[in-house]
Structure formats: structure tokens, C-alpha cells
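Here's a structure for you.
Please treat every number below as a calculation from the coordinates, not as lab data. Remember, predicted model here, so these are calculated numbers, not experimental data. Using ideal geometry, Cβ is built from the backbone for each residue, glycine included, and neighbour counts are taken over all protein chains shown.
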Amino acid sequence: MTASYDRPSYGIGEPMNLTITVANVGVNPIHELRVQVYGDVYFMSEAWGALESGAALAPGEELAVTAEGRASFAEPEKATVARVELNVRTMLQWDPDDENTDLVVESPVGLRYGDLSGIAYGDRNNNGVPDPGEGFRGIELVLDGGMSTSPRTRTDAQGRFVFRHLQTGRHEFWHDPADLPDWRFDFLGFVEVMEEGTEVDVRATLVPEAVLRAEMAFDRDTYRVGDSIEVRITLTNPGSTDLNGVVAWCNRIGNENQLDSGEWGDLAIYRGQGVGVPAGRTRVFTVTDTVPEAALDYGTVVASCGFVTGDTDEELERSAEAYAEADVPGRFGDLTGRVLRVRADDSTAPVAGVELHLANYRTGRVVGTATSDAGGNYHFRHVPNSAYRMRVTGPWKLVEPDRRYWVGRQGAIDPEPQVLVVPGFVADPSRPPVEEVRDPAPQGVVLPATRTGHLADTGLEVVELFVAGLVLVVTGAALLLARTRRAT
């Protein structure tokens, strides 16, 4: 067996193409040959093709497979070499003493940086290229992946954008749909940032006119496993054409605490015949389901559905989305992580003494309070399984105020979530704000007047002006009296 990369060195996060060549030098055929990979480079299992599913080699035959991986390190700034251990085995004829089936491959790696730039535009004439006047001005674009924070930038007057000094590799590119509610971007997902720079056009097209609106609500806020749950569904057709065959497409993510529509009668996707909603009308449906057992592990039961009239790409894009959620209490867990301050250069550092409040994401009820220790660590003990949002008080503000923090099964996806903060005072939400009250001036005391610029220019004091004015008044009165006497 031999193995080699396609380049002499890589930036951390960049694609690394590793080719393995396996030859059968024996006299017997080999079956069910598979590769196992360990080390600093992550490969998707399906990338190995025949060496993942089980290859067969006749005597003298060889097989070459190339897989794409990416180096990943807990502390990338300290990494210099990516090491991979390869084991090629056949479960039917495995000889543990055969050293020819083991191989270690190393490649120099390090942090490298590049820029990402381009134009975000709305393709009004659908010609596939940005034309003058089509650039989106002032929209916010965000990157995730490979960094402790999410870099953000805004487009200029022509719709152009640039992210400077990004770590090379794959980043997820997205924007807030609320910025452009009438547009949908074609390109939302991963973009490869190269050391020499990457240029990408971000094209958007107008969202098709909505043909259906949907709302869902449960009959209660809290349930137990096995309870009957009523889902009230409101469908509105704002258009001028009757809609028929509307079905509910639910739990597309596959979470075990979510309801599917399999028992929702005519609304059941693939089973029901669908329902009709006349033009300009609203119809209300009530379906009954059962709270699944796994909802106890999540702490919530959820209905997340898209209501569609067909399964074509166009119909699915225009699905009317609706969401409902309720608590399923009974199990408890812990939430631990670190509080990190985000500096101006996007680096982070642990922060001690930050007061955190854990609030139910749906109801806002605070279930616990914790303060970060000297290492920035926080701990919430024995809180109900559910989805939460974090609140802070004191001289800090959250970078991600709407982030969900999970306790329970969903929390296993991100077991020690970071809380990112920046300086900024936030009052204690449980206490009324304290108004600043200034002491009033003592009664009966005349405050000194402020000298204006005109007074300063004359060089006269207020008292001097007062005396001069008094003299003029007395003189004027005397002259008036004299004239009166002469007239008589």
C-alpha cells in the first residue's frame, strides 16, 4: 500500500486530496477490503468509495482511490504537521502481523489567509450576470467556519463586498433574509477561500408570489409523553386562484421530538388527498397527534411543517412554513461552557465575573443564574431539558442574543457552547431601572449668571452694567421732570 497527497503542504481547512493505492501481491483473491483512517485530517466516509463499501482484488490487481479531507485541530495556531494513520483490512482474511497494511502519512500544515470578495445583486432580468443598478446596497453578509467569531461586512453602493484576512478553507456564507424579504439568493452555503483570494458573485432572484400562508398552534403549553395533542392549523389563500391538494410536509430535519403528518388525515403527506383552500379565503383544521417519548429527552415537542400543493422544486420553494412548540418537562441536565470576550481583531479571551441568566427560549422564564469563573467557565446545574436563550447583566452585551442553548439530547450537538460578549452595560432584567436623580438647587439662593461672549468682550462686570443703567434711568427721569415744569 502507498499513499500520497496532491500538494507538498496545505493551509489548515483547505482541501487535501489523499490518494491510496492498494495492490494484491499474493496468489489468492482478496474480498471485503476496507480502509480505516485516524488522525488530524477529517475525511467523509463515503469519500473512500470501494474501500468504504468493501473492495475485491484479484492476484496482481491494484486499486487507487482519492479522497478529499481537511485538517482540523483544537488549537490551529500551534499546528505544523497533519498526521494520518491508514489501516487497510479485510475482515475475512485479516493478518494482524501484516505490517504492509499499515501506513502513516504526514503533511506540513499551517494557518494561511486570503480575501473573499464579490458582488451581491438581484438579477431582475434573469440573465445570470450582474448588470448596472442590480447591486444590493448596504446588506449585511456573514461568514461562519474556522473562526471563533463570525465576520460580517456590508455591501457598498454597487453591491460589492470584501472580507479581509480570512483563514483559508471552507466557510459558510449567509445573510439575514429579513434584509431582503422579496429576494432569494441562489448561492447560500459553503465557499472556498484560497490564499490567492476568492471572487464570487452572489445572485438573488425575486421570491415567487406567495400562494398560501399558514399558522399552527397547540392546545396547551405543557404536555407529558403519550398525551394527546391537538394542532390547530390555519391556512389562508391570499391569491385569486383556488388551491387544492394542500398537504403538510413536517419534520424534515428528522428530530425524534417532532410530529410528522402521517396521521393527519387529508393533510398527511404521501397518504392524504390534500385539502382545498378557496381564493381569498381562510380555513381552519384541527388534527390530533401523540407526544412522542423522545420529547422528554429534548424537553419540548415541536411541529415544524411546510404546507405545499405538490412535490416539484417550484412548489417546495413556495411552501407556507409554520411552527409550534410546547414544553415536555420531567428530565434535567447541566449546561456548561465558557464566556469569551470578542476583541477588536476578532480574537477571544475568557472573561471572569459575567452574570448569566438562562431563560426558556419560548416563555422567557429564567430557570437559573450563573457567574463565570476565572477561566471564563460557567455552569448551570439540574435545569429542565429544553431550549434556552442567554441573558447577561452588568458591563457586557451578547454577540449572539438570539442563539439557542440546549439542555438535553439536542445539547449533545454542541456540548459546551461558548457565550460571546463585548463591552456594553445591560441592567438586571429582574429589577426596575434606576433613574438618575439630581439634587435641586437650594431655595432662595441666586445662582451666578454665566458671562456671555458679548459681556466678556466689553470687559464690564454685571454689577458695573447695573450701576450704569441705574444712572441713566435717574438722569432720564430728572430731564423729564424738568421739561414738565417748563411746560407748565
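Quick check: residue separation of ASP131 and ASN28 times 0.36 nm, minus the Cα distance between them. What number comes out in nm?
Contour length minus the Cα-Cα distance gives 30.6 nm.
Tell me, in nm to one decimal, what length is gained between GLU416 and GLU199 on full extension, where the rule is 0.36 nm per residue of separation less the Cα-Cα distance?
Contour length minus the Cα-Cα distance gives 74.6 nm.
Can you put SER372, SER9 in order, fewest other beta carbons within 10 Å first? It would help to have the intermediate numbers written out before the result.
Working: SER372 24, SER9 14.
Fewest-to-most ranking of SER372, SER9: SER9, SER372.
Please report Rg over Rh for the range 308-411, where both radii come from the alpha carbon positions and Rh follows the Kirkwood definition.
Taking Rh as the inverse mean 1/r over Cα pairs, Rg/Rh reads 1.13.
Return the long-range amide H neighbours of VAL366 (sequence gap of 5 or more, or a different chain), with a cut-off of under 5 Å between placed amide H atoms.
ASN360
How high is the FRET efficiency from THR288 to ARG213, r the C-beta distance, R0 22 Å, rounded to 0.05?
Rounded to the nearest 0.05, the efficiency is 0.45.
Also, quick follow-up: Of VAL291, VAL225, VAL22, VAL193, how do they rank once you tally other Cβ atoms within 10 Å and put the fewest first?
The fewest-first ordering by Cβ neighbours comes to VAL225, VAL291, VAL22, VAL193.
Please give the contour-minus-distance gain from ARG381 to ASP334: 0.36 nm per residue of separation, less the Cα-Cα distance, rounded to one decimal in nm.
Values: separation 47, 0.36 × 47 = 16.92 nm, distance 0.47 nm.
Length difference between fully extended and current span is 16.5 nm.
Follow-up question, since we're still on this one. Neighbouring Cβ atoms within 10 Å as the yardstick, rank SER304, SER240, SER117 fewest first.
On the way: SER304 18, SER240 8, SER117 14.
Sorted ascending by nearby Cβ count, the order is SER240, SER117, SER304.
Per residue and in cubic angstrom, what volume does the convex hull of the Cα atoms of the range 113-206 have? Walk me through the numbers before you get to the answer.
Values: hull volume 8.0 nm³, N = 94.
Dividing the Cα hull volume of the range 113-206 by its residues yields 85 Å³.
Only loop residues by DSSP count here, and only those with at most 11 other Cβ atoms within 10 Å; note down the chymotrypsin sites (Phe, Trp or Tyr not before Pro) in the range 255-293 that meet that.
Filter output for the range 255-293: TYR270.
Can you list, bin by bin at 10 Å, the percent of alpha carbon pairs in the range 185-327, starting at 0?
With 10 Å bins starting at 0, P(r) equals 11, 36, 26, 17, 8, 2.
Please identify which residues in the range 1-39 have an amide N closer than 15 Å to a label point set 7 Å out from the Cα of ALA64, following the Cα→Cβ vector.
In the range 1-39, the label zone of ALA64 (backbone N under 15 Å from the point 7 Å along Cα→Cβ) covers 1-7, 17-24.
Here is a follow-up. How large is Rg/Rh for the range 2-110, to two decimals, with Cα atoms and a Kirkwood Rh?
Using only Cα positions, Rg/Rh for the range 2-110 is 1.01.
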